[in-house]
Amino acid sequence: MNETVGKPIDRVDGKLKVTGGATYSAEFNIKNMVHCVAVLSTITKGRIKNINTSIAEKSPGVIGVLTYKNSMQLHTPTSSDPGGGKYAEKDLLPLQNDRIFYDGQIVAVVMAETFEQAEHAATLVKPDYLVEEPIFDLEKNILKAYKPASGLGGAETQVSRGNADDALKSASVKMEETYTTPVYHHNAMEPHATVALWQGDTVLFYDATQTVAGTKSLMSSMLGVPKEKVRVISYYIGGGFGSKGFSWPNTVLAAMAAKLVSRPVKLVLSRQQMFTNAGRRSQTIQKISLGSDQSGKLSAIKHANTVESSFVDEFVETAGVATSMIYSSPNVDVSHSLVRLNKVTPCPMRAPGEAPGTYALEVAMDELAYQSKVDPIQLRLVNYAEEEEQKHKKFSSKNLRECYQKGADMIGWSKRKPQPNSMKEGKMLVGYGMATATYPANRSASSAKAVLFADGHAEVMCATQDIGTGTYTIMTQAAADAFGLPIEKVTVKLGDSEFPKGANSGGSQVTASVGPAIRAASLGAVSKVVKMVVADAKSPLHGQKEYDIVAQNGGLFLKDKNSIGESYVDILKRQGLQDVRAQAATKVSTRQQTEANPAAAGSAEKEIEDESKTNPIVQEDEKLDRKPFAFHSFGVHFVKVLVDPDLGTVRVDKAIAVMDVGTVMNLKTAKNQIMGGMVFGIGMALMEETHYDPNRGRPVTKDLANYLVPVNADMPDFEVEFINKPDTIISPIGARGIGEIGITGITAAINNAIYHATGKRIRELPVTPDKLL
Ligand code: MOS
């Protein structure tokens, strides 16, 4: 059998995307549709005294203006609401009152016949404000910091073992430094966009979201509409990076506007509006203290983080999240402090916590390497964590030593002169740096439906979504291998909340969560067909043992004698069947959080649960006791930089990643994910930064001309390799997620290479020429 998993298969949706055939949320045009444009606050804190909409309302084409005065009342979602969705700013439901908590908050939505008319009229809405004194500077307000009890989903924010302070006192080598990262914005290519349409008492959304299932639950809660009357579609998504993992005002506002005017509406945020209406990464101030002996063996790690949240919700950028598990140390102390500011609430951004956290920790490790005169790779090997020491659990699978070895060979680490500022190419200073990458391997409950049709093709459905990462493609591979069909004969349907509920595209979890469900549903359908043929006197497989039969080459055949068997087409034709259907729900969760309540009797979910009880694939998967294990991916980044000594400019010349992420489902999309993360890291290290007006607290770099992201001209020579050893504990498919690990560590590797090239340690990101000169 020619299995497809692992192969560098082209994206199944590639042609649609490059020919414009893939329709994104903002591209749905519905008859009689109204165009909406949001109006944003120009003050940073205060109240709306009065909002004059009469001039805008008289403007050509305007249908109405939605403000807190004529808006419908929303319900605040609570933890008892139907599971899944979470509103990004829980105490600031849009247009519910006159309060302003940050610059750029939505204060009105103008509805017009055309987008241009709405955009013009939006400039005519004139709010009068009562201005209050805002606070928006993290450093100036550091004394207001408090210790949050927990982070997102109950994540621990204060973690310790042993006594790090005592151990630091007696350590023979000590380092203590503070590292900072600025506010970053996700800047996905596709904007946040919603088309909403009421049909009687049901509401349909085309919404750019990382969770169709979660958005359905959330809109049901906020709008007070039963779940079965809400449908969310997101067929194609142009990146999310975390900002589309939560609902921002555009989604619910579109439904509110549509209700008000009884017409379909479209609301798309502009690039500039997304700087204040779609989250961001928190600024971080990270103080790290390391203590070791002369060989570099760590006796203490301390990581004190100060990060920011807003006045309307509590979100913690858990920059210390990896610190207690990445290296072996008897004494660890990780803490997070939070300062509330008048800015939009931060939210997860690609490798939330780990991206800034591994930056600081891995630069600190490099500093310790120089201080203790131990090679940076050797330092990491001396402190290799054989188990998850905080939780005393075995890793489900960890092959990080191989990553270090392979990466070192690839970059030629042994030829590097350890002395900083000692290598040159022409006038350019040459530097090499490395850092460890790590990200948790998450898996959560997912379900799927599979249908094998009489013409020999199959369809698989799941209410997860492809945010641009290749989910359609790898799920097609998983289903094709299960059915024994070529990928051309398999269609995977995602991005519709009507399908069986699948994982949200967050926490790098879709592959490990949805893959097993799709495989189980597909194999469930195969097993139904197997039962038919062994019982059918007319089948060449009549009377055979079920376990001796395999699905391959478009049908069922004897495992040990491939010539005996028949095609699905022949089987279904003889059986007189249009199709064979199966559904499966896999409930394995590697996270502590509890899954949603058991399915209600008579519901579609209950039906899937019941069928899963007789699915041997699901049963086998679920019976494995995963409690003794910790699930993490690991890897390493090696980079070579060239620094211009006259201009202070840094070019990443070569970037090598070696990743241990379990089974690689598709070599092409996998490399693409890791490279994407590395590009994110180059931006984070060298150019990205949201600047705020120091007097007003409003973002001033709010377009892609002023908020610099890496472009093709900034790209290094990339090499991405995988260890590709299946993680048999996380799931039967052996794959862990790869969406986020690529950005972890890379920023530190670049920073360490800059130090090696120049002898200058810049601890404040991004490393721009002004800081280097
Ligand atoms: Mo990711 S930041 O968990 O979408």
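The values are calculated or read from the model by the stated rules, or taken from the named source; none is laboratory data. Model, not experiment: these values are computed from the prediction. Here Cβ is always computed from backbone atoms with ideal geometry, including for glycine, and neighbour counts include all displayed protein chains. Only protein heavy atoms, including side chains, enter the accessible area calculation; ligands, DNA and RNA are left aside. Shrake-Rupley method; radii C 1.70, N 1.55, O 1.52, S 1.80 Å.
Here is how the numbers come out for the structure above:
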{"read-out": "Alpha-carbon gyration tensor eigenvalues x 5, square-rooted, for the stretch 542-583, Å", "value": "19, 12, 10"}
{"read-out": "Rg to Rh, two decimals, where the stretch 682-731 supplies the alpha carbon set and Rh follows Kirkwood", "value": "1.29"}
{"read-out": "Longest to shortest principal axis, alpha-carbon extents of the stretch 629-673, angstrom", "value": "50, 26, 11"}
{"read-out": "³J(HN,Hα), Karplus 6.51/-1.76/1.60, whole Hz, each residue of the stretch 404-417, x for Gly, Pro", "value": "4, 4, 5, x, 4, 5, 5, 8, x, 4, 5, 8, 6, 7"}
{"read-out": "Share of Cα-Cα pairs in the stretch 662-763 lying beyond 24 Å, as whole percent", "value": "42 percent"}
{"read-out": "Mean residue ellipticity (222 nm) of the chain, computed from DSSP H runs ≥ 4 via -39,500 (n - 2.57), nearest 500", "value": "-7500 deg cm²/dmol"}
{"read-out": "Equivalent ellipsoid, the stretch 263-343 (semi-axes from 5 times Cα gyration tensor eigenvalues, Å)", "value": "39, 13, 10"}
{"read-out": "Where only alpha carbons of the stretch 381-470 are counted, the Rg and the Dmax (Å)", "value": "22.9, 69"}
{"read-out": "Diffusion coefficient, µm² s⁻¹, Stokes-Einstein with Kirkwood Rh over alpha-carbon pairs of the stretch 1-160 at 20 °C and 1.002 mPa s", "value": "106 µm²/s"}
{"read-out": "Whole-percent carbon and sulfur share, accessible surface of the chain, 1.4 Å", "value": "51 percent"}
{"read-out": "Paired Rg and Dmax values of the stretch 477-592, which use every Cα atom, in angstrom", "value": "16.0, 51"}
{"read-out": "Straight-distance crosslink candidates among lysines, where the alpha carbon sits under 18 Å from LYS771 and sequence neighbours closer than 8 are dropped", "value": "LYS760"}
{"read-out": "Residues GLU459 and LYS31, FRET efficiency given R0 of 22 Å [Cβ-Cβ distance, rounded to 0.05]", "value": "0.15"}
{"read-out": "P(r) of the stretch 434-485 over all Cα-Cα pairs, binned every 10 Å from zero, in whole percent", "value": "18, 42, 25, 11, 4, 1"}
{"read-out": "Solvent-free Debye scattering, log10 I(q)/I(0), computed from the Cα coordinates of the stretch 504-554 at q = 0.20, 0.28, 0.29, 0.31 Å⁻¹", "value": "-0.71, -1.04, -1.08, -1.14"}
{"read-out": "Surrounding net charge for ARG281, when Lys and Arg each add one and Asp and Glu each subtract one, Cβ distance under 14 Å", "value": "-3"}
{"read-out": "Dimensionless Rg ratio for the stretch 405-557, taking C-alpha atoms and the 2.2 N^0.38 Å reference", "value": "1.59"}
{"read-out": "J(HN,Hα) series, the stretch 8-18, from Karplus relation 6.51 cos²θ - 1.76 cosθ + 1.60, nearest Hz, glycine and proline x", "value": "x, 6, 4, 4, 5, 9, x, 5, 4, 5, 7"}
{"read-out": "From the C-alpha gyration tensor of the stretch 113-199, square roots of 5λ in Å", "value": "47, 21, 16"}
{"read-out": "The stretch 1-57 - convex hull of the alpha-carbon atoms, volume per residue in Å³", "value": "241 Å³"}
{"read-out": "Pair GLN199, ASP91: separation of 7 Å Cα→Cβ label points (nm)", "value": "4.0 nm"}
{"read-out": "Calculated SAXS-style log₁₀ I(q)/I(0) at q = 0.16, 0.21 Å⁻¹ - the stretch 562-658, Debye, Cα scatterers", "value": "-0.92, -1.14"}
{"read-out": "Straight-distance crosslink candidates among lysines, where the alpha carbon sits under 17 Å from LYS391 and sequence neighbours closer than 8 are dropped", "value": "LYS627"}
{"read-out": "Full-extension gain in nm, LYS227 to ASN562, via 0.36 nm per residue minus C-alpha separation", "value": "115.8 nm"}
{"read-out": "Overall Cα dimensions of the stretch 307-437 - principal axes, largest extent first, Å", "value": "53, 43, 25"}
{"read-out": "Solvent exposure ordering (accessible area, 1.4 Å, most first) of HIS392, HIS303", "value": "HIS392, HIS303"}
{"read-out": "Per residue convex hull volume, Cα atoms of the stretch 355-396, in Å³", "value": "93 Å³"}
{"read-out": "Computed over the stretch 678-762: relative contact order in percent, which uses C-alpha pairs under 8 Å that are six or more apart", "value": "32 percent"}
{"read-out": "For SER497, net neighbour charge (Lys/Arg +1, Asp/Glu -1) across residues whose Cβ lies under 14 Å away", "value": "+2"}
{"read-out": "Part-to-part distance (alpha-carbon centres) for the stretch 365-385 and the stretch 268-309, which is given in Å", "value": "21 Å"}
{"read-out": "q = 0.13, 0.15, 0.16, 0.24 Å⁻¹, the stretch 57-127: log10 I(q)/I(0) [Debye, one scatterer per Cα]", "value": "-0.49, -0.62, -0.68, -1.06"}
{"read-out": "Per-selection Kirkwood Rh - the chain (Cα, Å, 1 d.p.)", "value": "27.5 Å"}
{"read-out": "The stretch 621-644 versus the stretch 464-496: alpha-carbon centroid distance in Å", "value": "25 Å"}
{"read-out": "Note, ³J(HN,Hα) from phi for the stretch 715-722, Karplus 6.51, -1.76, 1.60, rounded to Hz, x at Gly and Pro", "value": "6, x, 6, 9, 9, 10, 10, 10"}
{"read-out": "Linear extension gain, HIS542 paired with SER414, 0.36 nm per residue minus alpha-carbon span", "value": "39.8 nm"}
{"read-out": "Dimensionless Rg over Rh [the stretch 217-296; C-alpha; Kirkwood]", "value": "1.25"}
{"read-out": "Whole-angstrom gap from the stretch 721-736 to the stretch 1-70, using each part's C-alpha centre", "value": "38 Å"}
